[in-house]
Amino acid sequence: MKKKISTALTARLERLARRAAANSYSPYSRFAVGAAVLASSGKIYSGTNVENASYGLCNCAERSAVFTAASAGERKITCVVVYTPTQAVTPPCGACRQVINEFGPHARVISICDSKDRIETTLDALLPGAFGPENLA
Ligand code: THU
């Protein structure tokens, strides 16, 4: 049974995702992204996209946030918020969906932006039939 995430907690995640985008290092795409993830401990970890002159090494905001959470010892993620300072929302890219799946196969995924546009979905819906840790058992 999925635990409900309160409106206040969602608002906090949204604020932190917005704040994280301010640190975006995206001189090549000029597309800033901020992410915040809620771990089962109750702690929130944020991250931003970090690009590289070797373009293929660019890291998305969601992966920055998930890797920060995992580096702090977290192993379960219950919610991910993605913010872009745009008029339309940005869903997590395929690579990020796979990385979120590792720690949050049923996580809530919320995309927000600078308009009223908003997507609220789940990782299951974004990545059906995912390959995950259980496939290696
Ligand atoms: N980006 C993210 O940070 N998250 C996504 O889910 C989509 C794309 C970043 C990667 C790159 O720095 C820029 O946005 C343009 O693709």
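Could you check the spin-label model distance between residue 19 and residue 98? Points 7 Å from the Cα along Cα→Cβ, value in nm.
3.2 nm
For the stretch 1-31 and the stretch 106-134, what is the separation of their C-alpha centers, rounded to whole Å?
Between the Cα centre of the stretch 1-31 and that of the stretch 106-134, the gap is 13 Å.
If you build a Gaussian network model of the chain, linking Cα atoms that sit under 10 Å apart, which residue out of 56, 42, 34 swings the most?
Among 56, 42, 34, the largest mean-square fluctuation in the Gaussian network model of the chain belongs to 56.
Out of the DSSP beta bridges found with both residues in the chain, what percent are antiparallel (nearest 5)?
Around 75 percent of the beta bridges assigned by DSSP in the chain are antiparallel ones.
In the stretch 69-99, which residues have a backbone nitrogen under 19 Å from the label point lying 7 Å from residue 31's Cα in the Cα-to-Cβ direction?
81-99, by backbone N distance to the label point.
If the reach is capped at under 14 angstrom between alpha carbons, list the aspartates and glutamates near residue 4, excluding any in the same chain fewer than eight residues apart.
120
Quick one: if the Förster radius is 35 Å, what FRET efficiency do residue 53 and residue 114 give, using the C-beta to C-beta distance and rounding to 0.05?
0.75
At q = 0.11, 0.21, 0.22 Å⁻¹, what log₁₀ I(q)/I(0) does the chain have when each alpha carbon counts as one equal point scatterer in the Debye sum?
Rounded to two decimals, the profile gives -0.35, -1.29, -1.40.
Computed from the coordinates by the stated procedures, all read-outs in this text should not be read as laboratory data. These figures come from a predicted structure and were not determined experimentally. Virtual Cβ from ideal backbone geometry, glycine too; neighbours counted across all protein chains shown.
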